[in-house]
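Colleague: What follows is a structure written as structure tokens; I'll ask about it next.
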Amino acid sequence: MLILRKIYYFLASLLLFIGSFFLGGCSRNIVIQAPFYETAAITRANLLSGEALYGEQAKTMVLPEDNVLEINDKMRDYLDRYVPRRNGESTRVRTLSRMIFGGGTLGMIYDSSKTHTAWDAFRKSEGNCLAFSYLFTVLARARGLRASFQEVAIPPEWSSGKGELYYLNRHVNVRIDLRNSGSFIIDIDQVNNKSFYPAWKISDEDAIALYYSNKGTDYLFKDDFKNAFRYLVKALELSPEDAAIWSNLGVLYRMKEMYDYAEKAYFIALAYNRRQQSVFSNLSVLYDHMGEMRKSDYYFELARDYQMKNPYYRYHQALDAYEQGDYDLTLRHLKAALKRQIREGKFHKLLGDTYAKLGDETRAIKARAKAKELLYSQ
């Protein structure tokens with residue numbers, strides 16, 4: 001995929017590059033066409049060595065080591081001042097949260113564009129969801145709390161970069177498991193903190209890999225291909241089965257017009273996740289550049305199929321239709337969205353507004369009441 005990145009109070013955001021608009025999930029059997037190139041001639045080691053890009057110079061290339069989860073004496077001194085060890089676990093969690101977000105303490109500000117290490121997040125008091133999660137986790141562990149990272153399957157959001165680069169968000173937050181009384185989910189984005197979003201624990205290595213992937217894609221956006229390569233390879237060293245990161249590496253090779261290497265990276269991504277829809281988008285872009293329009297159209301349609309079956313994509317289509325005054329089309333998109341996600345309050349709110357525009361006040365009142373119920377509970 002061109003995959004790429006990104007996530008107040010109580011998450012972490014990651015950046016993923018995607019090469020064409022896509023979203024969603026789909027249950028049909030996926031047929032992967034044979035690659036155009038004889039990709040067996042290109043190995044994973046070839047992709048990761050950089051020799052095809054930089055020749056002999058690649059052998060002296062050093063991978064970054066940014067000490068993502070480092071904690072130092074200044075951070076420990078701050079903890080000692082604001083989070084007493086003698087407090088119970090739940091009190092330590094709440095006190096730590098106040099220390100990070102409080103106006104008289106760190107006063108951390110959310111900025112989705114800032115991927116920082118734990119130390120940089122601490123000293124700059126800013127960062128995206130990843131930066132927040134690194135900081136909270138290392139401080140929580142230093143106070144004897146059992147903190148781990150979670151990735152959260154939040155609704156897709158997308159924005160365009162330059163040219164054919166698009167950004168898809170991934171999110172991470174922090175889980176604190178208490179010894180006797182359940183757990184806390186600490187998330188910097190309350191909007192996306194909903195109990196019905198699937199979440200799963202990820203290892204420290206996988207969480208740190210997302211930092212390097214984010215940094216790599218940042219460099220890619222700036223056309224700094226050497227640093228982009230170094231950071232993406234470091235990410236894959238830590239998390240070698242992350243399809244999204246393989247897809248990002250494919251984007252780099254595609255941008256360098258090394259189409260056979262790009263295709264190989266995408267097919268490795270698909271080997272780890274056949275339903276990695278952003279890879280379909282990226283393959284479509286790749287084959288379009290190669291003039292292989294039949295293959296390009298095929299993977300475009302696969303990506304489009306995912307889009308149309310994703311409730312949040314259909315919701316955004318409904319918003320567009322509503323703004324254009326096409327309320328019948330708005331209604332069709334909303335009904336499709338609600339078939340797959342009935343518990344999303346904003347879907348019902350737009351449904352109520354749409355029925356009102358269509359003159360159906362009875363249904364409008366019912367939908368708005370449902371929206372109010374869901375939004376309050378969430």
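Colleague: Just in segment 32-134: which trypsin sites (Lys or Arg not before Pro) are loop by DSSP and have at most 15 other Cβ atoms within 10 Å?
Modeller: Passing sites in segment 32-134 are Arg85, Arg86.
Colleague: How large is the dipole of segment 311-377 about the Cα centre if only Lys and Arg carry +1 and Asp and Glu carry -1, each at its Cβ, rounded to the nearest 20 debye?
Modeller: Dipole magnitude for segment 311-377 comes out near 380 debye.
Colleague: If you plug each phi of segment 175-180 into the Karplus form 6.51 cos²θ - 1.76 cosθ + 1.60 with θ = phi - 60°, what whole-Hz ³J(HN,Hα) values come out, in order, with x for Gly and Pro?
Modeller: Running phi through 6.51 cos²θ - 1.76 cosθ + 1.60 with θ = phi - 60° gives 10, 10, 8, 8, 5, 10 Hz.
Colleague: A further question follows. If the reach is capped at under 20 angstrom between alpha carbons, list the aspartates and glutamates near Lys59, excluding any in the same chain fewer than eight residues apart.
Modeller: Cα-Cα hits under 20 Å: Glu51, Asp224, Glu237.
Colleague: For segment 311-377, build the charge dipole from Cβ charges (+1 Lys, Arg; -1 Asp, Glu) around the Cα centre, then report which of Gln324, Ser377, Tyr312 sits farthest towards its positive end.
Modeller: Ser377
Colleague: Hey, what do the phi angles of segment 322-332 turn into as Karplus ³J(HN,Hα) couplings, whole Hz, using 6.51/-1.76/1.60 and θ = phi - 60°, x for Gly and Pro?
Modeller: 4, 5, 7, x, 9, 7, 5, 5, 4, 5, 5
Colleague: Which of rounded, prolate or oblate describes segment 311-377 when judged by the alpha-carbon gyration tensor and an a/c cut-off of 1.5?
Modeller: Verdict is oblate for segment 311-377.
Colleague: Still on this model: To the nearest 20 debye, what is the magnitude of the charge dipole of segment 228-378 about its Cα centre, counting +1 on the Cβ of each Lys and Arg and -1 on the Cβ of each Asp and Glu?
Modeller: 660
Colleague: Would you please put 206-217, 337-348 in order of how densely packed they are, using the mean number of other Cβ atoms within 10 angstrom per residue and starting with the highest?
Modeller: By packing density, highest mean first, the sequence is 206-217, 337-348.
Colleague: Could you work out how far apart the two model spin labels at Asp80 and Arg44 are, taking each label as a point 7 Å from the Cα in the direction of the beta carbon, and quote it in nm?
Modeller: Label at Asp80, label at Arg44, 4.5 nm between them.
Colleague: Here's another thing I want to ask about it. Do any GluC sites (Glu not before Pro) in segment 190-285 lie in a DSSP loop with no more than 14 other beta carbon atoms within 10 Å, and if so, which?
Modeller: Glu241, Glu257
Colleague: Using the Cα centre of the chain as the reference point, and only Cβ charges (+1 on K/R, -1 on D/E), how large is the resulting charge dipole? Debye, rounded to the nearest 20.
Modeller: 1560
Colleague: List every residue whose amide H lies under 5 Å from the amide H of Ile202, counting only residues 5 or more places away in sequence or on a different chain, with H placed 1.01 Å from N in the peptide plane.
Modeller: Here the answer is Phe149, Gln150, Glu151, since their amide H atoms fall under 5 Å of that of Ile202.
Colleague: Find out how many positive minus negative residues lie around Thr105, taking Lys and Arg as positive, Asp and Glu as negative, among other residues whose Cβ is under 11 Å from that of Thr105.
Modeller: +2
Colleague: Which of rounded, prolate, oblate describes the chain, given a ≥ b ≥ c as roots of the alpha-carbon gyration tensor eigenvalues and a/c under 1.5 marking rounded, otherwise prolate only if a/b is larger than b/c?
Modeller: Verdict is oblate for the chain.
Colleague: Can you work out ³J(HN,Hα) from phi for every residue in segment 66-83, in order, using Karplus 6.51 cos²θ - 1.76 cosθ + 1.60 and θ = phi - 60°, giving whole Hz and x for Gly and Pro?
Modeller: 9, 6, 4, 9, 5, 10, 10, 5, 5, 5, 5, 4, 5, 4, 4, 6, 10, 10
Colleague: Among the listed pairs Lys234/Lys295; Lys256/Lys295; Lys215/Lys264; Lys114/Lys234, give every one whose C-alpha distance is greater than 24 Å.
Modeller: Going by Cα-Cα distance, Lys234/Lys295 fall outside the 24 Å limit.
Colleague: Another question about this same structure. Return the lysines within reach of Lys339: Cα separation strictly under 25 angstrom, same-chain partners fewer than 8 residues apart disregarded; answer none if there are no such residues.
Modeller: Lys194, Lys309, Lys349, Lys357, Lys366, Lys370, Lys372
Only the coordinates and a few stated rules stand behind these numbers; no lab work does. These numbers were taken from a predicted model, which means no experiment stands behind them. Neighbour counts run over all protein chains shown; Cβ positions are idealised from the backbone, glycine included.
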